[in-house]
């Protein structure tokens, strides 16, 4: 396998592993890796929590859409998106037109073990963050299910094993993955 014909956008909940798995997939395929949250922070010269606190979620989502649109027209890559990016219809349309969405699905217990000790998740800064996480999952999973591809995260699988599983899923789409023999 060598490269991508279009950008693969990793979508899913915070803590699903979009960045870790995406980085490993990009390395294995020899393609660039980009993280939309990191690109937003670079463009705004502020962290995601700072942007939420200073300007609110609506402003952040607007900036997220702008950055996502810009990244989708570049060189095909693995693109990790923020947990809320795929919720906006305009973002889903842009991803479908210029790339492919790959949902990293993880169960609530696994997600909770990954996010419970982090204070970098603005949406979980509530009185009951676990209940908030479960409510977000219930709200978002039906939208993530619209993604073109899906890979199931499993507790105990290494990042490399998840990356290999993800590449197998991407390989089911000949319009996405370039093959060396092609």
Mean Cβ-within-10 Å packing, highest first, puts peptides 81-94, 62-75 in the order 81-94, 62-75
Ranked output for segments 8-18, 29-39 by mean other Cβ atoms within 10 Å, highest leading, reads 8-18, 29-39
Take the chain, connect every pair of alpha-carbon atoms lying under 10 Å apart with a spring to form a Gaussian network, then pick out the residue of 101, 154, 26 with the largest mean-square fluctuation. 154
Can you give me the Cα centroid spacing of the stretch 1-51 and the stretch 70-137 in angstrom? 11
Can you give the convex hull volume per residue for the Cα atoms of the stretch 7-170, as a whole number of Å³? 104
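Each reported figure results from applying straightforward, stated rules to the coordinates on display, with no laboratory input. Given the structure is predicted, the values throughout are model-derived calculations rather than measurements. For neighbour counting, all protein chains shown are included, and Cβ atoms are generated from backbone atoms with ideal geometry for every residue, glycine included.
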